[in-house]
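**Q** Supplied in structure tokens, the structure appears directly below.
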Amino acid sequence: MIDSLTHPFRQLAHQEFPATAAGHRQLLSWAGSFGTLRRAGVECTGSYGAALARFLSRENVQVVEVNQPDRATRRKRGKTDAVDADAAARAVLSGRAATTPKTGEGPAADMRVLRLAKESAVKARTQAKNQLKAVLLGIDPELRESLSELSNSELIARCADLPDTGSAAVFTLRLLA
């Protein structure tokens with residue numbers, strides 16, 4: 001917490017809070033104990049700091065997106081949360097950081113989340129098909145030959161309907177399908 005009214009860039013205190021809803025409320029209460037909180041600098045507003053940025057915005061605090069300090073500065077001063085918080089506060093007060101972060105809400109944010117889920121599902125489906133085909137290599141040759149000429153969708157449907165033979169390979173085929 002830096003006091004910009006009585007003495008520019010004079011650090012008042014440093015405190016750490018968990019990145020939880022309760023931690024956000026504690027942070028706001030703590031910062032408010034020094035006076036009215038009008039602006040806050042938040043790093044990584046597109047990922048780790050997104051929830052904090054949304055919370056502060058809902059509490060009528062102007063959120064300013066702060067870039068991570070450059071590597072040379074970090075090497076000179078070290079990498080700690082206290083150093084990063086001090087650098088963020090100084091960037092906001094000096095005007096070097098003035099970008100309003102994206103809200104992380106609305107149609108574009110919704111599409112990002114949906115696209116992430118789709119990409120993950122496609123990747124999982126591909127992995128499952130590859131594993132299924134790898135299991136096929138080690139099963140009874142007669143069963144393997146009966147499945148080898150099928151399309152992917154036919155193979156998956158047939159493997160899902162295989163009778164329970166007590167074989168670990170058949171169980172795995174059914175599970176993957």
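Here is a yes/no grid of residues against (1) modelled with pLDDT of 95 or more; (2) small (Gly, Ala, Ser); (3) open to solvent by less than 60 Å² (accessible area, probe 1.4 Å); (4) in a loop (DSSP other than H, G, I, E, B):
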{"position": "Lys133", "(1), (2), (3), (4)": "no, no, no, no"}
{"position": "Ile139", "(1), (2), (3), (4)": "no, no, yes, yes"}
{"position": "Glu142", "(1), (2), (3), (4)": "no, no, no, no"}
{"position": "Glu145", "(1), (2), (3), (4)": "no, no, no, no"}
{"position": "Leu150", "(1), (2), (3), (4)": "no, no, yes, yes"}
{"position": "Ser153", "(1), (2), (3), (4)": "no, yes, no, no"}
{"position": "Leu162", "(1), (2), (3), (4)": "no, no, yes, yes"}
{"position": "Thr165", "(1), (2), (3), (4)": "no, no, no, yes"}
{"position": "Val170", "(1), (2), (3), (4)": "no, no, yes, no"}
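**Q** Do the conditions hold for Ala31, that is, is it among the aliphatic types (A, V, I, L, M) and modelled with pLDDT under 85?
**A** no
**Q** A further question follows. Being closer than 22 Å to Gly106 by Cα and touching a residue at least 40 places away in the same chain (Cβ under 8 Å) is the filter; apply it to the range 19-48 and report the residue that is surrounded by the fewest Cβ atoms within 10 Å (Cβ to Cβ).
**A** The residue in question is Gly46.
Results for (1) on the phi > 0 side of the Ramachandran plot; (2) assigned to a helix (DSSP H, G or I), shown as yes or no for each residue.
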{"site": "Gly35", "(1), (2)": "yes, no"}
{"site": "Tyr48", "(1), (2)": "no, no"}
{"site": "Ala53", "(1), (2)": "no, yes"}
{"site": "Ser57", "(1), (2)": "no, yes"}
{"site": "Asn60", "(1), (2)": "yes, no"}
{"site": "Gln68", "(1), (2)": "no, no"}
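**Q** Tell me which residues, restricted to the range 49-70, are open to solvent by less than 50 Å² (accessible area, probe 1.4 Å) and not aliphatic (A, V, I, L, M).
**A** Gly49, Phe55, Pro69
The values are calculated or read from the model by the stated rules, or taken from the named source; none is laboratory data. Note that this is a predicted model, so its numbers are computed, not measured. With ideal geometry, Cβ positions are generated from the backbone for all residues, glycine too; neighbour counts draw on all protein chains shown. For the accessible areas, the whole protein counts, side chains as well, though only heavy atoms, and no ligand, DNA or RNA atoms are used. Shrake-Rupley method; radii C 1.70, N 1.55, O 1.52, S 1.80 Å.
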